[in-house]
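The values are calculated or read from the model by the stated rules, or taken from the named source; none is laboratory data. As the structure is a computational prediction, the values presented were derived from the model and not from experiment. Every residue, glycine among them, receives a Cβ derived from its backbone with ideal geometry; neighbour counts consider all protein chains shown. What goes into the accessible areas is simple: the full protein's heavy atoms, side chains included, and nothing from ligands, DNA or RNA. Shrake-Rupley method; radii C 1.70, N 1.55, O 1.52, S 1.80 Å.
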Amino acid sequence: MPKALAWYRRLVTGAACLAVGAGGALLLLLWDLPLLAGVWAGLVLAAAVVLWFLAGGFQRSWGYAEAPAELYLTYGVLVRQLVVVPYGRMQVVDVTADLLEQALGIATVRVRTAASTADTRVVGLPLADAVQLRDRLAARSESFSTGL
């Protein structure tokens, strides 16, 4: 997985921490609680630093493998998960990229199945790789179709 995924997570969590930190500190200042506003800002800054370093682990935790009959996905920093998606169960395979992902040159491949409500996705792929993966998965899902 490219390093752009780690930067994506850092920018998203940094923006969220900035909004929560500034908004909370402003409210506390309006309520005339400057000491509490400083404590709040410090806690949010500490959370931002922790999330900055966790972004690298998040990026390294994502992985996928294409087997002959199914797609394997693994992810998770604190709790590792392994998801197995049979090609015959795949209904929709698409590529998505929000504005920040587009700016970083990455995309997400989303796989939707008939029985699963979980969001199965491969994140942080370069756009060309994501399109190729989508095409391969779509072709395999048609060849393994269960006739539903």
Placing each pseudo-label 7 Å from Cα in the direction of the beta carbon, Arg136 and Ala97 end up separated by a distance in nanometres of 1.8 nm
How about the stretch 69-148: which trypsin sites (Lys or Arg not before Pro) there are in a DSSP loop, with at most 13 other Cβ atoms within 10 Å of their Cβ?
Arg80
So if we plug the beta-carbon distance of Arg80 and Leu36 into 1/(1 + (r/R0)^6) with R0 = 35 Å, what FRET efficiency do we get, rounded to 0.05?
0.40
Cα centroids of the stretch 79-133 and the stretch 40-66: how far apart, whole angstrom?
20 Å
Measure nothing fancy, just the Cα-based angle from helix 127-143's long axis to the longest principal axis of the chain, in degrees from 0 to 90, nearest 10.
40 degrees
If I fit a long axis through the Cα atoms of helix 4-30 and take the longest principal axis of the Cα atoms of the chain, what angle between them do I get, 0 to 90°, rounded to 10?
30 degrees
Considering only protein heavy atoms, what is the solvent-accessible area of Tyr64 at a probe of 1.4 Å, reported in Å² to the nearest 10?
80 Å²
Alpha carbon Rg of the stretch 68-143, scaled by the compact-globule rule 2.2 N^0.38 Å
1.11
Can you give the calculated 222 nm mean residue ellipticity of the chain, where each DSSP H run of n ≥ 4 adds -39,500 (n - 2.57) and the sum is split over every residue, rounded to the nearest 500 deg cm²/dmol?
-18000 deg cm²/dmol
Largest-first ordering by accessible area, 1.4 Å probe, given options Glu101, Glu70, Glu142
Glu142, Glu70, Glu101
Using 7 Å Cα-to-Cβ label points, what is the Thr113/Trp52 separation (nm, one decimal)?
3.9 nm
So, taking all protein chains as they sit and a 1.4 Å probe, how much accessible area belongs to Ser143, in Å² rounded to tens?
90 Å²
Ratio Rg/Rh [Cα only; Rh per Kirkwood] for the stretch 1-94:
1.22
Probe 1.4 Å, all chains present, heavy atoms only: Trp7 accessible area in Å², nearest 10, is 120 Å²
Rounding to the nearest 10 and keeping the result within 0 to 90°, find how far the Cα-based axis of helix 34-61 lies from the longest principal axis of the chain.
20 degrees
Let me check something: with ligands and nucleic acids excluded, how do Val109, Val83, Val12 order by accessible area (1.4 Å probe), largest to smallest?
Val12, Val83, Val109
